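What follows is a set of notes on a single structure, which appears directly below.
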Amino acid sequence: MPVTPFHFGAGLAAKAAAPQRFGLLAFCAANVIIDVEPLYYALTRQDPLHRFFHTLPGALIAALLTIFLFWILKTVLQWLHLSRFVVKAEISPPGVWLGAMSGAISHVLLDSVVHADVQPFAPLTRSNPFLGWFSIFEVQNFLTLLALAGIAGIILRSVLHRSKKAPFHE
């Protein structure tokens, strides 16, 4: 993807599907961490743009870095007695692990489909068997639809949750 936020569509859909189990912020953070690499290479005009963090081993390291940063965040929030203001799934270890790992792996796989310089299985092989499966337009549209479905799902869950709490009136 040329822009990280397209990747967030998959995270929004996952959050709508499993709101108590999925860390959307960790999903997004892992995606941003991965895309710092091509941003740096683009700004310094170096090719290729997609390097280590756009491999599966690099994605694993980005996910572990994300998990570590969220562990620090949770510790600080607890120390400051602010953790009650954060949705539990966003800082719970299982939610963070699921969000970070799925965010990092999906990022590499989605970019592998549309970017010729992504080598998902490096250093084992430089080949990219996913390249060209779909056009960048198709992938962006798919992720946009996932985002819209995820937002709709989150809103629907919120409305249904509120209606269950509202007192019954005749």
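In table form, for the structure just shown:
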{"quantity": "Where Rh is the Kirkwood radius over Cα pairs, Rg/Rh for the chain", "calculated": "1.06"}
{"quantity": "Computed Kirkwood radius, in angstrom, where 1/r is averaged over Cα pairs of the stretch 13-105", "calculated": "13.7 Å"}
{"quantity": "Sequence of Trp71, Trp79 from largest to smallest accessible area, 1.4 Å probe", "calculated": "Trp79, Trp71"}
{"quantity": "Listed residues Ala100, Tyr40, Leu82: farthest to the positive end of the dipole of the stretch 1-125 (Cβ charges)", "calculated": "Leu82"}
{"quantity": "Additional length obtainable on full extension of the chain from Thr144 to Asp47, 0.36 nm per residue less Cα span", "calculated": "32.1 nm"}
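The values are calculated or read from the model by the stated rules, or taken from the named source; none is laboratory data. The structure presented is a predicted model; accordingly, all values stated were derived computationally and were not measured. Here Cβ is always computed from backbone atoms with ideal geometry, including for glycine, and neighbour counts include all displayed protein chains. SASA here: full protein model, heavy atoms, side chains in, ligands and nucleic acids out. Shrake-Rupley method; radii C 1.70, N 1.55, O 1.52, S 1.80 Å.
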